[in-house]
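Student: I am attaching a structure below and will ask some questions about it afterwards.
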Amino acid sequence: MFSLFQATHATHALRSPLLRAGLALLLGLGSGAGARADAAADAAAWPAKPVRIVVAFAPAGAADILARSLGEVLQRELKQPFVVDNRPGAGGNIGTDNAAKAPGDGYTLLVGIDTTFTVNPFIYKSMPFKGTDLRPVMMIASQGMMVAVNPRTGLRTLDQFIAQGKRSGLTLGSAGYGTPGHLASAILTHATGAKVSHVPYKGNAPASTAVLAGEVDGGIISSSAMLGQVAAGKVVPLAVTTRQRNPLVPGVPTVGELGHKDLEQEVLFALWVPAATPEPLVARIQSALEKAMKDPALRERMRANDLFYEGLTGPAAAERIQALADRYRTVIQSTGMKME
């Protein structure tokens, strides 16, 4: 039986600073071990309920197509709903901020593009989130852009487009402020002297519709949003921004072939989670993504939408994003690109 003497002795013993420190260390170690065990258990059980995939751009664009295609495979494999939540606007800032403020419990994922992290911090006066608020799990895919115009402009080549811009100016649509198309239009203006009025839309799909309708003369828009219109002869493709020709439109030259290597650019699509997400859970999500990306139907759908698998994970993905941020910061400073 635990006597009053023993209790009194224990009380006096705890007055020793050394013993108190030792006990605190033991309790701390126990707490840490318990937390790690809980995190591992949560990761093993994930997903135990529906998962929300925030897409920082409008429906029907490349990010949306990728997220929905990936969500279908994950839902089939993991037996829980993966629901896409489109939150477009501000070059991806709105949706990204929403995901950044979510709990790091694995039930909010973000599918977005690199320029939200590599361009927006340099053109917006303030950002609603910090880059460190999220961490990339996987750089999933890359995609080129296309310079295309409405047929009514009468333009058929990139040189004609630039010459027209120098003479009287042109309106050029993009998926929004801070997006790759916005960056490309700023580079085009700076490199060639063409007078281009940038017109932002809330995503590639609305921007391509604007080119089709003649709201703008042309656009620098993700190739996937333009391929259908090109095939139907409703828009005129002038060039693609990738280093190699696009196998889906092999007759369209690259900007490099036409003497404008400064315009070479690709869009990178990644999946992020809130930074507070525990490491075991990040590893679990990464493993699920890697397995999903082996699905032949998913890869074929990606190819059909001009999305090429990348597969960079963890530090490698973060390093690539940082390298692009360094490059684009220099570009933005030299072009004077800014919010309009």
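Student: Looking only at residues that are open to solvent by 60 Å² or more (accessible area, probe 1.4 Å) and in a helix (DSSP H, G or I) in the stretch 288-302, which one is nearest to Met138 (Cα to Cα)?
Tutor: Only one residue tops the list, namely Glu290.
Student: Please list, ordered by first then second residue, the pairs with beta carbon atoms under 9 Å, 6 or more apart or interchain, first in the stretch 303-315 and part of a loop (DSSP other than H, G, I, E, B), second among the aromatic types (Phe, Trp, Tyr) and open to solvent by less than 30 Å² (accessible area, probe 1.4 Å).
Tutor: Note: pairs meeting the criteria are Leu307/Phe269.
Student: Can you tell which of Leu281, Leu271, Leu307 is hydrophobic (A, V, I, L, M, F, W, C), surrounded by 17 or more Cβ atoms within 10 Å (Cβ to Cβ) and at pLDDT below 95?
Tutor: On the way: Leu281 fails: at pLDDT below 95; Leu271 fails: at pLDDT below 95.
Step by step, each of Leu281, Leu271, Leu307 is checked, and only Leu307 is hydrophobic (A, V, I, L, M, F, W, C), surrounded by 17 or more Cβ atoms within 10 Å (Cβ to Cβ) and at pLDDT below 95.
Yes or no, residue by residue, for (1) hydrophobic (A, V, I, L, M, F, W, C); (2) assigned by the TED database to the domain that holds Asp97:
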{"residue": "Val137", "(1), (2)": "yes, yes"}
{"residue": "Gly169", "(1), (2)": "no, no"}
{"residue": "Ser174", "(1), (2)": "no, no"}
{"residue": "Ser185", "(1), (2)": "no, no"}
{"residue": "Thr189", "(1), (2)": "no, no"}
{"residue": "Gly193", "(1), (2)": "no, no"}
{"residue": "Leu227", "(1), (2)": "yes, no"}
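Student: Would you check which residues across the stretch 60-101 are among the hydrophobic types (A, V, I, L, M, F, W, C) and over 16 Å from the mean Cα position of the chain (by Cα) and list them?
Tutor: Val73, Leu74, Leu78, Phe82, Val83
Student: In the stretch 325-336, is there at least one residue being assigned to a helix (DSSP H, G or I) and either over 26 Å from Phe122 (Cβ atoms) or touching a strand residue (DSSP E or B) at 6+ places or on another chain (Cβ under 6 Å) (or both)? It would help to see each step written out before you state the result.
Tutor: Step one: list which residues in the stretch 325-336 are assigned to a helix (DSSP H, G or I), which gives 325-335.
Then keep just the ones that are either over 26 Å from Phe122 (Cβ atoms) or touching a strand residue (DSSP E or B) at 6+ places or on another chain (Cβ under 6 Å) (or both); that gives none.
No; the residues of the stretch 325-336 include none that is assigned to a helix (DSSP H, G or I) and either over 26 Å from Phe122 (Cβ atoms) or touching a strand residue (DSSP E or B) at 6+ places or on another chain (Cβ under 6 Å) (or both).
Student: Given (1) touching a Ser or Thr at 6+ places or on another chain (Cβ under 6 Å); (2) over 22 Å from Thr192 (Cα atoms), identify the lone condition not met by Pro274.
Tutor: It is condition (1) that Pro274 fails.
Student: Condition first: open to solvent by 10 Å² or more (accessible area, probe 1.4 Å), over 22 Å from the mean Cα position of the chain (by Cα), modelled with pLDDT of 95 or more and within 27 Å of Pro59 (Cα to Cα). Can you find one or more residues in the stretch 188-205 that meet it?
Tutor: no
Student: Turning to a different aspect of this structure: Got a number for residues in the stretch 94-146 being open to solvent by 20 Å² or more (accessible area, probe 1.4 Å) and in contact with a Lys or Arg (Cβ under 7 Å, 6 or more places away or on another chain)?
Tutor: Count: 4.
Student: Tell me which of these Gln80 doesn't satisfy, since it passes every other one: (1) part of a loop (DSSP other than H, G, I, E, B); (2) of a type in the set (S, T, N, Q); (3) buried (at least 17 other Cβ atoms within 10 Å of the Cβ).
Tutor: Just one mismatch for Gln80, condition (3).
The values are calculated or read from the model by the stated rules, or taken from the named source; none is laboratory data. This one's a predicted model, so the numbers in the text were calculated from it and none came from an experiment. Glycine also receives a Cβ, built like all others from the backbone with ideal geometry; neighbour counts cover every protein chain displayed. These accessible areas exclude ligands, DNA and RNA; they are computed on the full protein's heavy atoms, side chains included. Shrake-Rupley method; radii C 1.70, N 1.55, O 1.52, S 1.80 Å.
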